[in-house]
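As structure tokens, the structure follows; a few thoughts come after it.
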Amino acid sequence: MAQFYLLSVLANMIAGLTLAGDYLGERLPFLASFKNLRANKAAQTIIAVLAVAVGIVKLIVLSPGENIPVVGDILPALTGILLGALLLVEAYRPTVESRGESLEKLSRTVLTYRVPVGIAGVVIALVHFLFPAAVVL
């Protein structure tokens with residue numbers, strides 16, 4: 001369905017821009033609003049759940065022109081799931097750590113690479129938008 005194709009592109013783009021908001025906001029002033037999304041826990045949660053849900057649905061629903069189930073959109077689907085998971089980890093890390101559960105090492109390790117993963121998510125979304133019928137994209 002074409003709707004899930006567009007939703008996948010938008011979800012990956014917004015989730016990637018949100019993860020890399022600090023870095024991109026400094027480099028490109030018109031993207032500074034995504035820096036504010038990282039401070040808003042509710043917005044971060046909504047974007048994360050949307051990215052994960054769309055990623056899971058993309059594993060099932062074929063894009064226009066796709067003939068290969070699952071593998072045809074595997075990269076955008078896995079990217080959406082990964083970006084959503086990173087946003088959820090980032091949003092709820094202070095809550096979990098304040099309860100005494102020590103996830104400091106794991107969250108520090110995972111969130112160290114949030115900017116490169118966010119930029120990679122934006123690139124994958126753009127490539128997926130430009131080449132919709134490419135296998136694995």
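The values are calculated or read from the model by the stated rules, or taken from the named source; none is laboratory data. These numbers come from a predicted model, not from an experiment. Positions of Cβ are generated from backbone atoms using ideal geometry, with glycine treated the same way; all protein chains shown enter the neighbour counts.
Quick notes
Listed here are the residues, each with its yes/no results for (1) at pLDDT below 85; (2) in a helix (DSSP H, G or I); (3) in contact with a Pro (Cβ under 7 Å, 6 or more places away or on another chain); (4) among the hydrophobic types (A, V, I, L, M, F, W, C).
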site: PHE34; (1), (2), (3), (4): yes, yes, no, yes
site: LEU37; (1), (2), (3), (4): yes, yes, no, yes
site: ALA51; (1), (2), (3), (4): no, yes, no, yes
site: LYS58; (1), (2), (3), (4): no, yes, yes, no
site: LEU62; (1), (2), (3), (4): yes, no, yes, yes
site: GLU66; (1), (2), (3), (4): yes, no, no, no
site: PRO76; (1), (2), (3), (4): no, yes, no, no
site: THR79; (1), (2), (3), (4): no, yes, no, no
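- Residue match in segment 22-40 (condition: buried (at least 17 other Cβ atoms within 10 Å of the Cβ) and either among the β-branched types (Val, Ile, Thr) or within 17 Å of ILE74 (Cα to Cα) (or both)): no
- As a summary of the residue check, ILE14 satisfies the conditions (1) surrounded by 15 or more Cβ atoms within 10 Å (Cβ to Cβ); (2) out of contact with any Ser or Thr (no Cβ under 8 Å at 6 or more places or on another chain); (3) more than 29 Å from LEU62 (Cβ to Cβ) except for the one numbered (3).
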